[in-house]
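K.L.:
Before anything else, here's the structure in question.
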Amino acid sequence: MPMSFDLSQLLLISIIYLILLFGVAWMTEHGLVPRAVLRHPATYTLSLGVYASAWAFYGTIGLAYQYGYGFLTYYLGVCGAFLLAPVLLSPILRITRTYQLSSLADLFSFRFRSTWAGTLTTLFMLVGVLPLLALQIQAVADSVQILTQESGHGTVALGFCVLIILFAILFGARHISAREKHEGLVIAIAFESLVKLISIAAIGLYALYVVFDGPAGLQLWLDSNQEALKTLHTPLQEGPWRTLLLVFFSAAFVMPHMYHMAFTENLNPRALGTASWGLPLFLLLMSLAVPPILWAGLHLGVPTNPEYFSLGLGVAAGSEWLSLLAFVGGLSAASGLIIVVTLALSGMVLNHMVLPLYQPSADNNIYRWLLWTRRTLIAAIIMASYGFYRLLGAEQDLANLGIASFVATVQFLPGTLSVLYWPQANRRGFISGLIAGMLVWAITLLLPLVTSLPGLQLFGLTLSFNADTWHLAAISSLAVNVVVLTLISLFTQRSNEEQSAAEACSVDNVSRPQRMQLMASSPQEFAQQLAKPLGNKTAQYEVEQALRDLKLPFDEHRPYALRRLRDRLEANLSGLMGPSVAQDIIETFLPFKMGRDGYVTEDIHFIENRLEDYHSRLTGLAAELDALRRYHRQTLQDLPMGVCSLAQDNEVLMWNRAMQALTGIEADSVIGSRLTSLAGPWGDLLERFVEDQSSHLHKQKLVIDGQTQWLSLHKAAIDEPGYVGGSGLVLLIEDQTENQMLEEELMHSERLASIGRLAAGVAHEIGNPITGIACLAQNLRDESEQLEAREASEQIIEQTRRVSRIVQSLVNFAHVGSRHQNPNEAVDLAACTNEAIHLLSLNRKGPEVKYVNLCDPKHLASGDAQRLVQVLINLLGNARDASRDGDSITVSTQENEHQVLLQIEDQGSGIDKAIMDRLFEPFFTTKEPGTGTGLGLALVYSIIEEHYGQITIDSPVEHTSQRGTRFTITLPRYSNISNGAHA
């Protein structure tokens, strides 16, 4: 039997439910909900369930009663839009995230570069959505009236609005920038979607299994009530279901609450792919309950309007829990939509109606001003909806309110599609088409809704307004909109700003606005300029945030990076204050150089990045051209020659891998900068070459960290992209260091060979007279009986021996470069050390040092004495060059069972740790140019390796003074048992 509830009871249930909603949002904002749940695609999909408003919960049953299976268009329209997500929704999401566009008004304002486009979109959206908001308020008030069976619950509607204002302000307006998401709101709306689904599913199951006792009972009732089936089928054949399908299709992305949840509050872009099938599944489950509820209402003779059969079913069946569940489901549907719609509208009104007229002073806290202004607008919009509800007097059907609102928002469909797929559309066509379409809508749908006029006389024709003509009003208003937009866009020109924005928004966009020079040259200057409209603190924060977004350092100076920073600042400010205000601020305070001081080309860096992003989407000829581009670019990147491409203003456009290896400068740090910013000596060398009239420079000497490089440079002039006649340059840098060193080594070897031939001739020519002198001295010593004569003869013989040793040492030194197999003979290291010291003593150049030979003559190594002498000459010579006057150089030996250790220790300046690993590289030297070839230690290492030995370095030896170096050579010990074989 029919039952009723007390108003206080329903009020308590409403407050408890909203407190639960508050709790869910609060837990999310305080990190009590796991991130995995928050960013799960299912959460995003459920948050899109905000589409199922009170009209879906109540009104679709009225649609089913009025239009039969046409009610499915409410679900199929939006399902069709999400099934087309890759070509429709994903491009909008990309644009929204890239340029921080938080609403449809932002999107139109950005695309058409017009403040009026955003303002009119906001105004018309506000007027068009008011009936939908009034529908939600009326649904809650009507549901309370049905359950209490009392009329005049205007205070209930007002109280409901106050509670929604509180929730929207606390959890929907915590942030003012589009980049900061309201995670608590997303979870709360997802929770509400679950409540709606569970509620309507429970009512549908109750209708099927309790009212009809199962599917068999339902079929039996339908067989005996054929009129119920005819009611569903007949309107589908005759009614305006195609118009409904189009209207609900557009609602998926033009309705403010759908745009807000699908794009602005999107936490995970990949979740859109899941939502493309998840949301249709969610709506399918909701729609399955509609026919059973309709038939159960007809079967029980529920006295309410068919729109409220889901609520009246429990009342008529005497089921208290079912009635309360239906009430909570309807409350959830209404509250969710009002919260999200008012949030979206408040941002639109703030950005496109308030800020263009009044901007806060830079001395104020802009963030706080924006936040509280938005909160005030939320309250104002909800109260305006309440006022519109009171204006209508709660006399309209939910379907009339819903259809009027949805037809109003379908006027934004042509503009949205032109943003993505028709770059020729311009602001004049969009604004004119929108005004024309909304004017037709206002005359044919809004005016009858507000004034209840039966008809209108226009040009001698009588237009009547009723439930059967609304679809004609929808089609006519949309047709007028499309025709005006198309004609005016075709016959008027786009501005340069519109062309640039159209390219940025186009689905197949791979181009970019021109590459221009900025007046500001650093992030610090950016902050200084933006401080004028925003204040110092706000400007500094926004610049730092943009740098963090781009992962750029605060001392960034590259022109390309600064252009990216400017674009990012405009996008971030767009999310904060709307694209019109953001564009005005950026163009006023961060302008480009124009006229004689600046020139314009296409931004090749941006083109490359966009082509990489779109690589997987290109097909046909475009894919083949991209493959060719990638092949040519890879060829340049892998070319074993340094390639550097320059713009006319000497901005670096390309820096290949060979250039990175040659200069040690990474491409990421130099591309987009100018040659003047390159560190020396590379910047000086390249600048000098660019200014030089010659196209080739051969064997240019460059000294870096003590290492000499020889380079050949070549250049050619090329046209820049989009700047025909411009004189860009491509530089080729060829490393000739190895060739130069080989030439020097060859010359050095030839000199040594000449010295060897000269030394051999000198030895031969000097040897004969020295032998004669020695023979005569021996005869004089043997035959003379005078003591003084014999002593003199002995001295002469000793001096001739010394001359012979000197000559033999010169011959050995000259032939040291020749490769030969080392004899395994016993080498007296003490004698070799004496010979090396003796040879070095002949050269009086350099510091006066003291050589100390502590080698034990009993310590014999296995090897070639002449080559080991050369090792000692090189090491002792280097030790002397590093020493000061009066320093000592000590040579000592140690031995064990199988090895002899030879140590050369000096008191010199020591060796830098940074170059120690490179000492034995050929041609590496720390000496002044012309004083060393860099081959000495490389030769030492080679000789020691031939002797199966090792050489190590310790430096510094004295850690207190940080001086001294010790070379330790390990050689095989000579063994008598193996007759000189290695031990």
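K.L.:
In the range 763-786, how many are touching a helix residue (DSSP H, G or I) at 6+ places or on another chain (Cβ under 7 Å) and open to solvent by 50 Å² or more (accessible area, probe 1.4 Å)?
P.N.:
Of the residues in the range 763-786, 5 are touching a helix residue (DSSP H, G or I) at 6+ places or on another chain (Cβ under 7 Å) and open to solvent by 50 Å² or more (accessible area, probe 1.4 Å).
K.L.:
In this structure, does ASN305 turn out to be within 25 Å of LEU10 (Cα to Cα), assigned by the TED database to the domain that holds GLN136 and touching a residue at least 24 places away in the same chain (Cβ under 8 Å)?
P.N.:
Details: within 25 Å of LEU10 (Cα to Cα): yes; assigned by the TED database to the domain that holds GLN136: yes; touching a residue at least 24 places away in the same chain (Cβ under 8 Å): yes.
Considered against the rule, which asks whether it is within 25 Å of LEU10 (Cα to Cα), assigned by the TED database to the domain that holds GLN136 and touching a residue at least 24 places away in the same chain (Cβ under 8 Å), ASN305 comes out as yes.
K.L.:
Hey, which of the helices (runs of 4 or more DSSP H) in the range 388-484, taking only ones fully inside, have at least 1 residues that are at pLDDT 90 or above?
P.N.:
On the way: elements: 398-409, 413-421, 427-441, 447-451.
Filter on the range 388-484 gives 398-409, 413-421, 427-441.
K.L.:
Find all pairs meeting these conditions: Cβ atoms under 9 angstrom apart; at least six residues apart or on different chains; first residue within the range 837-854 and closer than 16 Å to GLY886 by Cβ and touching a residue at least 12 places away in the same chain (Cβ under 8 Å); second residue open to solvent by 50 Å² or more (accessible area, probe 1.4 Å) and not small (Gly, Ala, Ser).
P.N.:
Filtered contacts from the range 837-854: GLY846/ASP881; PRO847/ASP881; PRO847/ARG884; PRO847/ASP885; GLU848/ASP885; VAL849/ARG884; VAL849/ASP885; VAL849/GLN907.
K.L.:
If a residue must be out of contact with any Phe, Trp or Tyr (no Cβ under 7 Å at 6 or more places or on another chain) and open to solvent by 20 Å² or more (accessible area, probe 1.4 Å), how many such residues does the range 77-102 contain?
P.N.:
9
K.L.:
Checking ARG657 against (1) at pLDDT below 85; (2) closer than 30 Å to LEU550 by Cβ, which test does it fail?
P.N.:
Among (1) at pLDDT below 85; (2) closer than 30 Å to LEU550 by Cβ, ARG657 violates only (1).
K.L.:
Looking only at the range 48-72, how many residues end up being hydroxyl-bearing (Ser, Thr, Tyr) and open to solvent by 10 Å² or more (accessible area, probe 1.4 Å)?
P.N.:
Start the filter on the range 48-72 by keeping residues that are hydroxyl-bearing (Ser, Thr, Tyr), which leaves 51, 53, 58, 60, 65, 67, 69.
Filter once more, keeping what is open to solvent by 10 Å² or more (accessible area, probe 1.4 Å): 65, 67, 69.
Looking only at that region, the number is 3.
K.L.:
Could you check the range 659-718 and list, in sequence order, the residues that are in a helix (DSSP H, G or I), within 27 Å of the chain's Cα centre (by Cα) and among the acidic types (Asp, Glu)?
P.N.:
Correct list: ASP668 only.
K.L.:
Tell me the residue from SER909, SER888, SER841, SER892 that is small (Gly, Ala, Ser), over 23 Å from LEU939 (Cα atoms) and open to solvent by 20 Å² or more (accessible area, probe 1.4 Å), please.
P.N.:
Values: SER909 fails: over 23 Å from LEU939 (Cα atoms); SER841 fails: over 23 Å from LEU939 (Cα atoms); SER892 fails: over 23 Å from LEU939 (Cα atoms).
Selected residue: SER888, the only one of SER909, SER888, SER841, SER892 that is small (Gly, Ala, Ser), over 23 Å from LEU939 (Cα atoms) and open to solvent by 20 Å² or more (accessible area, probe 1.4 Å).
K.L.:
Let me confirm something: among THR663, THR708, which residue is out of contact with any Pro (no Cβ under 9 Å at 6 or more places or on another chain) and open to solvent by less than 40 Å² (accessible area, probe 1.4 Å)?
P.N.:
Working: THR708 fails: out of contact with any Pro (no Cβ under 9 Å at 6 or more places or on another chain).
The match here is THR663.
K.L.:
Any chance you could count how many residues in the range 854-909 are in a strand (DSSP E or B) and not polar (S, T, N, Q)? Talk me through it step by step, then tell me what you get.
P.N.:
Of all residues in the range 854-909, those in a strand (DSSP E or B) come to 854, 860-863, 888-895, 899-906.
Add one more test, that the residue is not polar (S, T, N, Q), and what stays is 854, 860-861, 863, 889, 891, 895, 900-902, 904-906.
Going through the range 854-909 one residue at a time, the tally reaches 13.
K.L.:
Could you give every pair whose Cβ atoms fall below 6 Å, whose first residue belongs to the range 872-894 and is under 15 Å from ILE951 (Cβ atoms), and whose second residue is acidic (Asp, Glu) and open to solvent by 30 Å² or more (accessible area, probe 1.4 Å), counting only separations of at least 6 or pairs across chains?
P.N.:
From residues that are under 15 Å from ILE951 (Cβ atoms), the pairs are THR893/ASP856.
K.L.:
Being farther than 19 Å from ALA334 by Cβ and either without any contact (Cβ under 8 Å) to a residue 12 or more places away in the chain or touching a His at 6+ places or on another chain (Cβ under 6 Å) (or both), is that true of even one residue in the range 401-416?
P.N.:
Within the range 401-416 (the criterion being farther than 19 Å from ALA334 by Cβ and either without any contact (Cβ under 8 Å) to a residue 12 or more places away in the chain or touching a His at 6+ places or on another chain (Cβ under 6 Å) (or both)), the answer is no, since none of the residues qualifies.
K.L.:
Name the residues in the range 73-89 that are of a type outside the set (Phe, Trp, Tyr) and closer than 20 Å to THR469 by Cα, would you? Show your work before the answer.
P.N.:
Step one: filter the range 73-89 for residues of a type outside the set (Phe, Trp, Tyr), giving 73, 76-81, 83-89.
The one that is of a type outside the set (Phe, Trp, Tyr) and closer than 20 Å to THR469 by Cα: THR73.
K.L.:
Pull out all pairs, ordered by first then second residue, where Cβ-Cβ is under 7 Å, the residues are six or more apart or on different chains, the first lies in the range 23-51 and is in the same structural domain as PHE282 (by the TED database) and modelled with pLDDT of 90 or more, and the second is open to solvent by 60 Å² or more (accessible area, probe 1.4 Å) and in a helix (DSSP H, G or I).
P.N.:
THR43/VAL37; LEU46/LEU194
K.L.:
On to the next question. Here are some conditions: (1) within 25 Å of PHE191 (Cα to Cα); (2) of a type in the set (Ser, Thr, Tyr); (3) out of contact with any Asp or Glu (no Cβ under 9 Å at 6 or more places or on another chain). TYR308 meets all but one. Which one does it not meet?
P.N.:
Condition (3) is where TYR308 drops out.
K.L.:
What tally of residues in the range 927-944 results from selecting those that are among the β-branched types (Val, Ile, Thr), open to solvent by 30 Å² or more (accessible area, probe 1.4 Å) and at pLDDT 70 or above? Quick ask: steps written out before the conclusion?
P.N.:
Initially, the range 927-944 is screened for residues among the β-branched types (Val, Ile, Thr), giving 931, 933, 940, 943-944.
Then keep just the ones that are open to solvent by 30 Å² or more (accessible area, probe 1.4 Å); that gives 931, 933.
Still in the running and at pLDDT 70 or above: none.
Matching residues across the range 927-944 total 0.
K.L.:
Take LEU246 and decide whether it is of a type outside the set (Phe, Trp, Tyr), in the same structural domain as TYR74 (by the TED database) and buried (at least 17 other Cβ atoms within 10 Å of the Cβ).
P.N.:
Working: of a type outside the set (Phe, Trp, Tyr): yes; in the same structural domain as TYR74 (by the TED database): yes; buried (at least 17 other Cβ atoms within 10 Å of the Cβ): yes.
Yes.
The values are calculated or read from the model by the stated rules, or taken from the named source; none is laboratory data. On a predicted model such as this, the values are computed, not experimentally measured, just so you know. Neighbour counts run over all protein chains shown; Cβ positions are idealised from the backbone, glycine included. Note: areas computed on protein heavy atoms with side chains; ligands, DNA, RNA excluded. Shrake-Rupley method; radii C 1.70, N 1.55, O 1.52, S 1.80 Å.
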